[in-house]
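The values are calculated or read from the model by the stated rules, or taken from the named source; none is laboratory data. Predicted, not measured: the structure shown is a model, and the values here were computed from it. Cβ atoms come from the backbone with ideal geometry, glycine included; neighbour counts cover every protein chain shown. Accessible surface areas use protein heavy atoms only, side chains included; no ligands, DNA or RNA. Shrake-Rupley method; radii C 1.70, N 1.55, O 1.52, S 1.80 Å.
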Amino acid sequence: QQFGMVLLEAARERGVRLLRGTVAGVDVRDGHVEGVRVETEHGPQTIATRCFVDAAGPMLGQVARLLGVELPIYSERHIKIAFNDHLGAVPRDAPMLIWTDPVTLPWDEDEREALAEDPDTAWMLGELPSGVHCRPEGHVGGAVLLILWNFHLDPVEPRFPIEVDEFYPELALRGMSVMLPGLARYFDRAPKPYIDGGYYTKTRENRPLVGPLPVGGAYVVGALSGFGLMASCAAGELLAAHIAGAPLPPYAPALALARYDDPAYQQLLANWGDVGQL
């Protein structure tokens, strides 16, 4: 949030005006963008422009459809919990800790029997995906611990507010305890967690989309998956080069939507292997 505000204030200093509203449509004539229709709290507005950037994060696909473009993307829910680690199970100077093996959750015999009786919970007894991770959050004297784990890998349609499974906090805690057994002390008396999250919007091979769309004057920057904060400035710089007609770096074609029209790239996709997703 702080990083975003720094960028927004820097943009305002250079004359950028923020208009809050919902993009309702994009006007296209002879294959080129002419304007954008926005629904605001003061009523509808039309902005005359020859340049439109789809940088809508999880809503990237919905906005592209306003232009009649279907993007090769999908979204996953990623939820995190934050709670006070008052027992000090994780040292405050610990780095981000990531468990890269599949997880079988620790349950006692009574819990296993109860979970097995219900088809809606029996899956919790099986092997779950890797990737549960945590890190201390906040100042040195604090006690907040963040735990994140995406154990449902199925694509979802982004919606807000985001839906959170009622059992997510306990599963995340138990999943992290496989790596950090000290967390098991919270199983029967876990502090009330704060639950937050969003979506990882990504392409099949987990490379971003940065560059022109097949409509004149329309561009996309998105599908930055779980590395958006880290890659956003570089992605914005690359997109600005596309828009301004500046020289492009040699890696630009590897991030453009047109890469999917290249037979050689399609062959790469068929044998891609690990996409490097956390």
_Rounded accessible area per residue of the range 74-202, 1.4 Å, Å²_ = 55 Å²
*Return, ordered by residue number, the residues of the range 141-170 whose backbone nitrogen is under 20 Å from a label point located 7 Å along Cα→Cβ of Trp123.*
148-159, 162-170
*Which one of Leu238, Leu229, Leu128 has the biggest mean-square fluctuation once the chain is modelled by GNM with Cα springs under 10 Å?*
Leu229
*asked:* On the principal axes of its Cα set, how long, how wide and how thick is the range 144-278? Give whole Å, largest value first.
replied: 59, 31, 25
*Rg and Dmax of the range 54-121, Cα atoms, in Å?*
20.5, 55
*Which distance in nm do the two modelled labels at Cys51 and Thr100 give, with both placed 7 Å along the Cα-to-Cβ direction?*
4.1 nm
*Modelled label-to-label distance, Glu113 and Glu34, 7 Å Cα→beta-carbon offset: nm?*
7.3 nm
*FRET efficiency for Arg135 and Thr22, using Cβ-Cβ distance with R0 set to 35 Å, rounded to 0.05*: 0.50
*Only helical DSSP H runs with n ≥ 4 go in: add -39500 (n - 2.57) per run for the chain, normalise by residue count and round the 222 nm mean residue ellipticity to 500 deg cm²/dmol.*
-6500 deg cm²/dmol
_Quick check on the range 74-202: what are the equivalent-ellipsoid semi-axes from the Cα gyration tensor, as sqrt(5λ), descending, whole Å?_
23, 20, 13
*Which whole-number value in Å³ per residue fits the convex hull of the alpha carbons of the chain?*
182 Å³
*Per-pair calculated FRET efficiency, R0 = 30 Å: Arg185 and Cys233 via Cβ, rounded to 0.05*: 0.15
*Out of residues 5 or more away from Gly25 or on other chains, whose amide H comes under 5 Å of its own, with H placed 1.01 Å from N in the peptide plane?*
Arg37
*Would you work out what percent of the accessible area of the chain, with all protein chains in place, is carbon or sulfur (probe 1.4 Å)?*
55 percent
_Need the C-alpha centroid separation for the range 35-79 versus the range 238-258, integer Å._
20 Å
*So for the pair Ala244, Asp154, with labels modelled 7 Å out along Cα→Cβ, what separation do we get in nm?*
4.6 nm
*Across the chain, where is the longest run that never hits GluC sites (Glu not before Pro) in a DSSP loop with at most 13 other C-beta atoms within 10 Å?*
167-278
